[in-house]
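Notes to accompany the following structure.
The values are calculated or read from the model by the stated rules, or taken from the named source; none is laboratory data. In this text, all values refer to a predicted model and were calculated from it rather than measured experimentally. Neighbour counts run over all protein chains shown; Cβ positions are idealised from the backbone, glycine included.
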Amino acid sequence: MVSVSLQDDNIRVKVPKGKTLRQVAATTGASMEFGCRVGDCITCVARVKSGMIYLSEKNEKELKALEILGGNVSQLRLMCQCYVRCEEGEIVISYAV
Amino acid sequence: MVDLITKITKSVDFIGAFDPKIRTFDIIMKTANGSSYNSYVVRGSEGVAIMDTVKKEFSEDFFKRLEFMCDYEEIKYIVLHHLEPDHSGALIELMQKAPKAKLIISGRAVMMLKGLIKSDIEFEVANTGRIISLGDKTIEFLSTPFLHWPDTMSSYLHEEKVLFSGDVFGSHYYDERLFDDEVGDFSYAFKYYYDHIMRPFKQYVLQALKLYDTFDIKVIAPLHGPILRTNPQFYIDKYAQWSSEAKFRKHEFGKKMLSVFYMSSYDNTHLMAKKIMDGADSVEGVVASMYDLASLDEQNMIDLLEESDAIIIGSPTINGDAVKPAWDLLSCMAFLESNGKIGASFGSYGWTGEAPEMLHDRMRWLKFRLPVRPLKIKLIPTEDEQQSCFEFGVEIAEITMGKMVEMEMEI
């Protein structure tokens, strides 16, 4: 399993491949903000401080959302869209963008 | 007949609308003094910018004032700091009348705009640091999200040191004298607005204030109520104080507050509450308290919820549901910020026992951190079960004190 640290909440959780970060938030009771939960509203944008390679590729919705945000978005992801794609690894996430 | 001239600074004029008769705003807010939908025009040597519009029913006043101040061809930018309908109600008509104007919104406003307009219109996104020019006037944008919608932003007119703050620093207070030094006493409206609109987003208020602090502000032009020009810092300080108030206990002892709220039919949930409180209280740095929901009124609930770092709610299950005071308690979270607060639930039950799980689910939607599963006990807690309650309290208190939560998700 991949270790996901949610820095702002002091939570570290082992996550099986295929789970979205939204599911991680729901399971752990993390305090990250969500809006539409389907990739439209950009509310759940967060910073992946390390371990981006263990997450899924950005899908069309994410790419569109990040383009709207503009600036340096290389570390940003929509928590409702990205999912853990590996069996092992370590991901660190901060809600502050 | 509307008064067409209301000069704010040399290059900024008020073109908003007054709503003296409104008595309830957004369903939940009482507006004893009516309100205003503030909109402004900023004039530069190379065109004008319109800062927000008004509620649709008040478009006529808005356009009368706007047409008195400028021609539609002059409008270079339309800025929407916040898309709620009381500020975007005249947008479509304005864009039709000023087709050359560029609409500027925040990134998080994009989908809201589509939801409101229901058609594709062109816009540009402004993040912190984005600057637009009107020739001899410069407007800089500041991302100030979640105040009180995700889309909200602010902007700053450099040459005249005007902060367009969106709903931040607003008041529902109708008074056509408009300036804080000329209107009647709007202090209660200013605080009431903060309590009902901004209080749930305190952490974002503090982030915005940090951003505002980098600017020299002479005038604050909010979207509702008086324009604040006598001593803007006074209002900024009020927001800072209200958003960072050290609470009674924490202030006094530097401790974390953990509150156990409960209701009990046969004393079993009460016994669980007592053991949980004892467990929590045994953890260094935590002050645990317990409250019988049967005897709390709404204001007590709001204050206690706000003061608490961790909230544990106990309810028996009656006819497959938690008891009404438990739901009433959670409904008070509408006035507060739950992010970062730790939540948990428990209860004794005789038959089906859904209440703790239902409260847990409700708290999840209210964005509590819920690091432990609900604790249910069938009827009278045994000695071992009482020990489980004690340990439940210890666990939650330790997490409240910063213990890393280690979890594993099921495949």
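For (1) among the β-branched types (V, I, T); (2) within 14 Å of chain A (Cβ to nearest Cβ), each residue gets a yes or a no:
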position	(1), (2)
B:I121	yes, no
B:L134	no, no
B:T144	yes, yes
B:P150	no, yes
B:F186	no, no
| query | Would you pick out the residues in region B:268-302 that are closer than 19 Å to B:D384 by Cβ and out of contact with any strand residue (DSSP E or B) (no Cβ under 9 Å at 6 or more places or on another chain)? | reply | B:K275
| Just checking, how many residues over region B:354-371 are at pLDDT below 90, facing chain A (nearest Cβ under 9 Å) and at negative phi? | 5
| Top-ranked residue in region B:372-395 [being more than 20 Å from B:L330 (Cβ to Cβ) and assigned to a strand (DSSP E or B); ranked as nearest to the other protein chains (Cβ to nearest Cβ)] | B:I377
| task | For region A:67-80, state whether one or more residues are surrounded by fewer than 18 Cβ atoms within 10 Å (Cβ to Cβ), within 14 Å of chain B (Cβ to nearest Cβ) and in contact (Cβ under 8 Å) with a residue 12 or more places away in the chain. | result | no
| message | Take A:K19 and tell me if it is surrounded by 17 or more Cβ atoms within 10 Å (Cβ to Cβ), facing chain B (nearest Cβ under 8 Å) and either in contact (Cβ under 8 Å) with a residue 40 or more places away in the chain or touching a strand residue (DSSP E or B) at 6+ places or on another chain (Cβ under 7 Å) (or both). | response | yes
| query | Does A:L55 fit the bill of being more than 15 Å from B:E406 (Cα to Cα) and either within 10 Å of chain B (Cβ to nearest Cβ) or more than 13 Å from the chain's Cα centre (by Cα) (or both)? | reply | no
| said: within 28 Å of the chain's Cα centre (by Cα), of a type in the set (D, E) and in the same structural domain as B:F141 (by TED's automatic domain parsing): is that true of B:D61 in this structure? | reply: no
| One residue from B:I132, B:I121, B:I104 being among the aliphatic types (A, V, I, L, M), within 18 Å of A:I68 (Cα to Cα) and exposed (fewer than 15 other Cβ atoms within 10 Å of the Cβ) | B:I121
| The listed residue being out of contact with any strand residue (DSSP E or B) (no Cβ under 6 Å at 6 or more places or on another chain), more than 30 Å from B:A208 (Cα to Cα) and more than 11 Å from every other protein chain (Cβ to nearest Cβ), out of A:E90, A:E60 | A:E60
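Residue by residue, here is whether (1) within 23 Å of the chain's Cα centre (by Cα); (2) touching a residue at least 60 places away in the same chain (Cβ under 8 Å); (3) surrounded by fewer than 16 Cβ atoms within 10 Å (Cβ to Cβ); (4) at positive phi holds:
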{"site": "B:R199", "(1), (2), (3), (4)": "yes, yes, no, no"}
{"site": "B:L206", "(1), (2), (3), (4)": "yes, no, yes, no"}
{"site": "B:T230", "(1), (2), (3), (4)": "no, no, yes, no"}
{"site": "B:S264", "(1), (2), (3), (4)": "no, yes, no, no"}
| Can you name the condition, by its number, that A:A25 falls short on among (1) within 11 Å of chain B (Cβ to nearest Cβ); (2) buried (at least 21 other Cβ atoms within 10 Å of the Cβ); (3) outside any helix (DSSP H, G or I)? | (3)
| remark: Considering residues that are assigned to a loop (DSSP other than H, G, I, E, B) and surrounded by fewer than 22 Cβ atoms within 10 Å (Cβ to Cβ), the number found within region B:266-318 is 9
| Do the conditions hold for B:S338, that is, is it under 30 Å from B:R199 (Cα atoms), hydroxyl-bearing (S, T, Y) and in a helix (DSSP H, G or I)? | no
| field | Residue that is facing another protein chain (nearest Cβ under 7 Å) and either under 28 Å from B:L142 (Cα atoms) or β-branched (V, I, T) (or both), where the choices are A:A46, A:A96, A:A30 | value | A:A30
| Quick check: is even one residue across region B:18-36 within 17 Å of B:G166 (Cα to Cα) and of a type in the set (K, R)? | no
